[in-house]
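Have a look at the structure below, then the notes.
The values are calculated or read from the model by the stated rules, or taken from the named source; none is laboratory data. For clarity, every value in this text was computed on a predicted model and none was experimentally measured. Positions of Cβ are backbone-derived with ideal geometry, glycine not excepted, and every protein chain shown enters the neighbour counts. In case anyone asks, the SASA skips ligands and DNA or RNA and just uses the protein heavy atoms, side chains included. Shrake-Rupley method; radii C 1.70, N 1.55, O 1.52, S 1.80 Å.
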Amino acid sequence: MHYSTQSPRLERLPSVLSRTAMGKSWIYREIAAGRFPPPVKIGRSSGWDSSAVDAWIENALISGSRLYPAQYKGRA
C-alpha cells in the first residue's frame, strides 16, 4: 500500500467524483456497503481524506476488479 508523505488534505465531493469517474449515488452506495472511504465531517462541511481516495483508486487499479455492482452488468 502506498502512503503519502504529504500533509493530510481533504477533498470535496466534486473532486472525488472527478477522480473516480463515478456518480454521487454510486459513491454513497459504496460507502454504505463499506467499499469506499467515508467522508470526514468537520463542522457543517464534509470532505474525503485524499490519501484514502488515492489508496482506493490504487487498489481498484491493482486488483483489476470491476468497479460497477453486479446490477449494472451489460449497461453502458
Checklist (1) out of contact with any helix residue (DSSP H, G or I) (no Cβ under 9 Å at 6 or more places or on another chain); (2) at pLDDT below 85 applied to A33, failing item: (2)
Filter result for R44 (over 9 Å from the mean Cα position of the chain (by Cα) and either modelled with pLDDT of 85 or more or open to solvent by 40 Å² or more (accessible area, probe 1.4 Å) (or both)): yes
